[in-house]
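Step one of this worksheet: look at the structure below.
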Amino acid sequence: MEKEYYYLSGEMKVGPFSLEVLKRAPITPSTLIWDNTFPEWVEARTLPELACLITPPPPPVTPPPPRPAAPQTPNYNTGGRQTYNAGGYNTPHQTVIINPAQSNGIGTAGFVMALIALFLSWIPILGWILWILGLILSFAGLFKNPKGLAIAGFVISLIDLIILLVVVASMAAFLGSAGIF
(Lines give C-alpha, C1' and ligand atoms only; values in the text may rest on other atoms or scores of the structure.)
Protein backbone atom coordinates (compact mmCIF):
# COMPACT_ATOMS: atom_id res chain seq x y z
CA MET A 1 0.00 0.00 0.00
CA GLU A 2 1.26 3.45 -0.91
CA LYS A 3 1.97 5.99 1.83
CA GLU A 4 -0.54 8.76 2.38
CA TYR A 5 0.84 12.17 3.31
CA TYR A 6 -0.79 15.14 5.03
CA TYR A 7 0.47 18.69 5.42
CA LEU A 8 -0.57 21.63 7.57
CA SER A 9 -1.82 24.75 5.89
CA GLY A 10 -2.08 27.22 8.75
CA GLU A 11 -4.03 25.27 11.39
CA MET A 12 -5.82 23.01 8.88
CA LYS A 13 -4.75 19.45 8.10
CA VAL A 14 -4.80 18.87 4.30
CA GLY A 15 -4.65 15.42 2.71
CA PRO A 16 -4.31 12.53 2.26
CA PHE A 17 -2.00 12.74 -0.81
CA SER A 18 0.26 10.33 -2.59
CA LEU A 19 3.92 11.37 -2.81
CA GLU A 20 3.48 12.47 -6.45
CA VAL A 21 0.51 14.71 -5.58
CA LEU A 22 2.32 16.08 -2.50
CA LYS A 23 5.24 17.13 -4.68
CA ARG A 24 2.85 19.39 -6.64
CA ALA A 25 1.28 20.87 -3.48
CA PRO A 26 2.20 24.39 -2.32
CA ILE A 27 4.70 23.36 0.34
CA THR A 28 7.84 25.09 1.60
CA PRO A 29 10.85 23.69 3.48
CA SER A 30 9.20 24.60 6.79
CA THR A 31 5.78 23.09 5.95
CA LEU A 32 4.84 20.38 8.48
CA ILE A 33 4.29 16.93 6.90
CA TRP A 34 2.85 13.75 8.47
CA ASP A 35 2.06 10.21 7.44
CA ASN A 36 0.94 7.22 9.53
CA THR A 37 4.56 5.99 10.00
CA PHE A 38 5.70 9.25 11.67
CA PRO A 39 5.27 9.64 15.42
CA GLU A 40 4.74 13.41 14.97
CA TRP A 41 4.69 16.18 12.36
CA VAL A 42 8.05 16.90 10.68
CA GLU A 43 9.29 19.72 8.48
CA ALA A 44 9.41 19.01 4.75
CA ARG A 45 13.16 19.69 4.60
CA THR A 46 13.84 16.64 6.78
CA LEU A 47 12.21 14.15 4.40
CA PRO A 48 14.61 12.62 1.83
CA GLU A 49 11.74 11.93 -0.61
CA LEU A 50 11.02 15.70 -0.80
CA ALA A 51 14.68 16.75 -1.13
CA CYS A 52 14.24 17.35 -4.85
CA LEU A 53 11.68 20.08 -4.07
CA ILE A 54 13.74 21.81 -1.43
CA THR A 55 16.50 23.82 -3.06
CA PRO A 56 18.89 25.88 -1.00
CA PRO A 57 18.29 29.61 -1.17
CA PRO A 58 20.57 31.50 -3.54
CA PRO A 59 23.44 33.43 -1.97
CA PRO A 60 22.64 37.05 -1.24
CA VAL A 61 23.43 39.46 -4.04
CA THR A 62 25.56 42.41 -3.09
CA PRO A 63 24.84 45.56 -5.08
CA PRO A 64 27.69 47.08 -7.08
CA PRO A 65 29.37 50.13 -5.60
CA PRO A 66 27.69 53.40 -6.60
CA ARG A 67 29.15 55.23 -9.55
CA PRO A 68 30.69 58.58 -8.78
CA ALA A 69 28.93 61.49 -10.40
CA ALA A 70 30.61 62.87 -13.49
CA PRO A 71 31.95 66.37 -12.97
CA GLN A 72 29.69 68.99 -14.43
CA THR A 73 31.66 71.91 -15.79
CA PRO A 74 29.82 74.71 -17.54
CA ASN A 75 30.81 75.40 -21.11
CA TYR A 76 30.50 79.13 -21.74
CA ASN A 77 31.51 79.03 -25.42
CA THR A 78 28.42 77.36 -26.87
CA GLY A 79 26.85 80.31 -28.67
CA GLY A 80 23.46 79.91 -26.97
CA ARG A 81 23.24 76.15 -27.54
CA GLN A 82 22.55 73.74 -24.70
CA THR A 83 25.37 71.39 -23.68
CA TYR A 84 25.76 68.67 -21.10
CA ASN A 85 28.39 66.14 -20.10
CA ALA A 86 27.49 62.70 -21.45
CA GLY A 87 30.44 61.02 -19.69
CA GLY A 88 30.15 58.85 -16.63
CA TYR A 89 32.12 56.37 -14.61
CA ASN A 90 35.38 55.46 -16.37
CA THR A 91 34.30 57.07 -19.65
CA PRO A 92 36.09 59.89 -21.42
CA HIS A 93 34.56 63.34 -21.24
CA GLN A 94 32.18 63.92 -24.10
CA THR A 95 30.23 67.11 -24.71
CA VAL A 96 27.00 66.80 -26.68
CA ILE A 97 25.72 69.96 -28.35
CA ILE A 98 21.99 70.18 -28.96
CA ASN A 99 21.13 72.69 -31.69
CA PRO A 100 17.78 74.41 -31.34
CA ALA A 101 15.31 73.48 -34.07
CA GLN A 102 15.25 75.98 -36.89
CA SER A 103 12.12 77.12 -38.61
CA ASN A 104 11.32 79.35 -41.54
CA GLY A 105 8.00 80.98 -40.72
CA ILE A 106 7.94 83.18 -43.83
CA GLY A 107 8.65 80.23 -46.12
CA THR A 108 5.97 78.15 -44.38
CA ALA A 109 3.43 80.99 -44.71
CA GLY A 110 4.31 81.35 -48.41
CA PHE A 111 3.83 77.60 -48.92
CA VAL A 112 0.41 77.67 -47.20
CA MET A 113 -0.74 80.72 -49.19
CA ALA A 114 0.42 79.19 -52.49
CA LEU A 115 -1.32 75.91 -51.67
CA ILE A 116 -4.59 77.67 -50.81
CA ALA A 117 -4.28 79.77 -53.98
CA LEU A 118 -3.84 76.59 -56.01
CA PHE A 119 -7.25 75.33 -54.90
CA LEU A 120 -8.96 78.74 -55.03
CA SER A 121 -7.38 80.02 -58.26
CA TRP A 122 -10.68 79.76 -60.12
CA ILE A 123 -12.10 82.58 -57.96
CA PRO A 124 -10.87 85.68 -59.84
CA ILE A 125 -9.89 88.30 -57.23
CA LEU A 126 -9.30 86.01 -54.21
CA GLY A 127 -7.09 83.63 -56.19
CA TRP A 128 -4.95 86.54 -57.43
CA ILE A 129 -4.47 87.97 -53.93
CA LEU A 130 -3.54 84.61 -52.44
CA TRP A 131 -1.23 83.90 -55.38
CA ILE A 132 0.72 87.15 -55.03
CA LEU A 133 0.98 86.70 -51.24
CA GLY A 134 2.21 83.13 -51.67
CA LEU A 135 4.74 84.20 -54.30
CA ILE A 136 6.12 87.09 -52.22
CA LEU A 137 6.33 85.13 -48.94
CA SER A 138 7.86 82.07 -50.60
CA PHE A 139 10.43 84.23 -52.40
CA ALA A 140 11.36 85.94 -49.12
CA GLY A 141 11.60 82.53 -47.41
CA LEU A 142 14.17 81.38 -49.99
CA PHE A 143 16.76 83.53 -48.20
CA LYS A 144 16.30 81.83 -44.81
CA ASN A 145 17.04 78.29 -43.61
CA PRO A 146 15.48 75.71 -43.87
CA LYS A 147 14.37 76.37 -47.42
CA GLY A 148 12.23 73.28 -48.12
CA LEU A 149 8.73 74.72 -47.75
CA ALA A 150 9.81 78.05 -49.28
CA ILE A 151 10.98 76.28 -52.45
CA ALA A 152 7.78 74.23 -52.57
CA GLY A 153 5.68 77.40 -52.12
CA PHE A 154 7.60 79.19 -54.86
CA VAL A 155 7.09 76.29 -57.32
CA ILE A 156 3.39 76.07 -56.45
CA SER A 157 3.13 79.86 -56.98
CA LEU A 158 4.54 79.44 -60.48
CA ILE A 159 1.97 76.71 -61.16
CA ASP A 160 -0.68 79.10 -59.79
CA LEU A 161 0.54 81.75 -62.24
CA ILE A 162 -0.06 79.40 -65.16
CA ILE A 163 -3.56 78.58 -63.87
CA LEU A 164 -4.33 82.29 -63.35
CA LEU A 165 -3.21 83.12 -66.88
CA VAL A 166 -5.51 80.39 -68.22
CA VAL A 167 -8.42 81.75 -66.12
CA VAL A 168 -7.79 85.35 -67.29
CA ALA A 169 -7.46 84.23 -70.93
CA SER A 170 -10.69 82.23 -70.61
CA MET A 171 -12.51 85.21 -69.13
CA ALA A 172 -11.18 87.51 -71.87
CA ALA A 173 -12.23 85.05 -74.57
CA PHE A 174 -15.70 84.71 -73.01
CA LEU A 175 -16.15 88.46 -72.69
CA GLY A 176 -14.82 89.00 -76.24
CA SER A 177 -17.20 86.47 -77.70
CA ALA A 178 -20.06 88.06 -75.83
CA GLY A 179 -19.25 91.39 -77.48
CA ILE A 180 -18.25 93.15 -74.26
CA PHE A 181 -14.66 93.77 -75.49
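The values are calculated or read from the model by the stated rules, or taken from the named source; none is laboratory data. What you see is a predicted model; the values in this text were computed from it and never measured. Using ideal geometry, Cβ is built from the backbone for each residue, glycine included, and neighbour counts are taken over all protein chains shown. Side chains included, ligands, DNA and RNA excluded: accessible areas come from the protein's heavy atoms. Shrake-Rupley method; radii C 1.70, N 1.55, O 1.52, S 1.80 Å.
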*Somewhere in segment 59-71, is a residue open to solvent by 70 Å² or more (accessible area, probe 1.4 Å), touching a His at 6+ places or on another chain (Cβ under 9 Å) and modelled with pLDDT under 75?*
yes
_Looking for something hydrophobic (A, V, I, L, M, F, W, C), closer than 30 Å to N99 by Cβ and without any contact (Cβ under 8 Å) to a residue 60 or more places away in the chain - is there at least one such residue anywhere in segment 159-180?_
no
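Let's see how each residue does on (1) open to solvent by 60 Å² or more (accessible area, probe 1.4 Å); (2) assigned to a helix (DSSP H, G or I); (3) of a type in the set (G, A, S):
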position: V112; (1), (2), (3): yes, yes, no
position: W131; (1), (2), (3): no, yes, no
position: F143; (1), (2), (3): yes, no, no
position: L149; (1), (2), (3): yes, yes, no
position: S157; (1), (2), (3): no, yes, yes
position: V168; (1), (2), (3): yes, yes, no
position: A172; (1), (2), (3): no, yes, yes
position: G176; (1), (2), (3): no, yes, yes
*State all residues of segment 111-154 that are under 35 Å from the mean Cα position of the chain (by Cα) and over 25 Å from A101 (Cα atoms); if no residue qualifies, say none.*
I116
*Which strands (runs of 3 or more DSSP E) does segment 1-52 wholly contain that include 3 or more residues that are not hydroxyl-bearing (S, T, Y)?*
12-17, 32-35
